[in-house]
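This report refers to the structure that appears directly beneath it.
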2 protein chains.
Amino acid sequence: MTSTLPLRAGTADACCGSVADGAVDAERAARIARVFKALGDPTRVRLLSLIAAGENGEACICDLTGPVGLSQPTVSHHMRLLVDAGLATREQRGRWAYYRVVDGSLEAAAQSLLPR
Amino acid sequence: MTSTLPLRAGTADACCGSVADGAVDAERAARIARVFKALGDPTRVRLLSLIAAGENGEACICDLTGPVGLSQPTVSHHMRLLVDAGLATREQRGRWAYYRVVDGSLEAAAQSLLPR
């Protein structure tokens with residue numbers, strides 16, 4: 001539906017005010033900060049990056065623990081924070097959880113920093 | 001000098017690997033996360049936004065306390081985290097500290113999320 005505007009697809013909250021424009025009120029700042037807080041951890045940055053690079057744009061938690069060198073409960077915890085921030089989705093398939101990066105979410109986060 | 005490429009001006013650490021490309025090793029993830037951790041707080045998002053919108057691209061700390069409703073020591077603390085993350089500079093002029101957004105720093109942070 002908005003396929004001609006890939007940077008804005010699914011980025012409803014990218015519409016109003018970027019940091020560079022100085023147009024950030026308290027509510028908008030809270031939404032922006034929530035996403036960046038989730039990105040403000042090296043493990044979560046790597047997890048998101050691994051998922052983005054995964055086959056078909058997804059990754060099984062069983063394939064994430066090895067590269068980051070952490071236990072499954074710890075990876076699950078980090079992934080929950082990314083899901084809660086709107087950056088990833090989680091789908092249970094049998095024994096394993098599969099994660100995807102939410103379409104447009106990284107673009108929306110980037111846009112919140114750039115001049116309009 | 002690189003005025004035809006504003007998004008890349010001063011973005012030396014935007015050169016290697018974005019989250020969207022899945023090319024983020026542990027060291028790169030740590031650098032990306034450091035910046036986003038600084039941005040992961042609503043007050044700091046608002047402070048950076050106020051500075052970006054300031055006259056001549058700068059703001060006196062004396063003009064920042066009011067809009068965010070916090071004391072000068074608290075604002076100074078938040079600003080120190082932004083300076084340490086490479087997002088702002090601080091210049092003392094007489095009694096007051098003046099802050100600027102580091103050229104290209106917001107663009108570099110945005111680029112670290114976007115496909116190359």
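Of note:
- Within the range A:54-93, tally of residues that are out of contact with any helix residue (DSSP H, G or I) (no Cβ under 7 Å at 6 or more places or on another chain) and either at pLDDT 95 or above or in a loop (DSSP other than H, G, I, E, B) (or both): 15
- Scanning the range B:69-82 for residues that are buried (at least 16 other Cβ atoms within 10 Å of the Cβ) and either within 22 Å of A:Ala110 (Cβ to Cβ) or charged (D, E, K, R) (or both) turns up B:Leu81, B:Leu82.
- Unmet requirement for B:Leu87, which otherwise passes all of (1) surrounded by fewer than 22 Cβ atoms within 10 Å (Cβ to Cβ); (2) closer than 27 Å to A:Glu107 by Cβ: (1)
- Residue pairs whose Cβ atoms lie under 7 Å apart, sitting 6 or more positions apart in sequence or on different chains, and linking a residue in the range A:95-116 that is assigned to a helix (DSSP H, G or I) to a partner that is among the acidic types (Asp, Glu) and open to solvent by 40 Å² or more (accessible area, probe 1.4 Å), are A:Ala108/A:Asp13.
- Hey, B:Gly66 under 16 Å from the mean Cα position of the chain (by Cα) and open to solvent by 20 Å² or more (accessible area, probe 1.4 Å) or not: no
- Boolean, B:Arg100 is basic (Lys, Arg), under 30 Å from B:Val24 (Cα atoms) and either within 14 Å of chain A (Cβ to nearest Cβ) or open to solvent by less than 60 Å² (accessible area, probe 1.4 Å) (or both): yes
- Positions within the range A:64-82 being free of Cβ contacts under 8 Å to residues at least 12 places away in the same chain and not polar (S, T, N, Q), in sequence order: A:Gly66, A:Gly69, A:Pro73, A:His77, A:Arg80
- For the range A:41-63, residues that are touching a residue at least 12 places away in the same chain (Cβ under 8 Å), surrounded by fewer than 16 Cβ atoms within 10 Å (Cβ to Cβ) and farther than 19 Å from A:Arg95 by Cα total 1.
- Filter result for the condition that a residue is within 7 Å of another protein chain (Cβ to nearest Cβ) and modelled with pLDDT under 95, over B:Ala33, B:Ala29, B:Ala20: B:Ala20
The values are calculated or read from the model by the stated rules, or taken from the named source; none is laboratory data. All of these numbers come straight from a predicted model, not from anything done at the bench. Methodologically, a virtual Cβ is constructed for each residue, glycine included, from the backbone with ideal geometry; neighbour enumeration extends over all protein chains shown. For the accessible areas, the whole protein counts, side chains as well, though only heavy atoms, and no ligand, DNA or RNA atoms are used. Shrake-Rupley method; radii C 1.70, N 1.55, O 1.52, S 1.80 Å.
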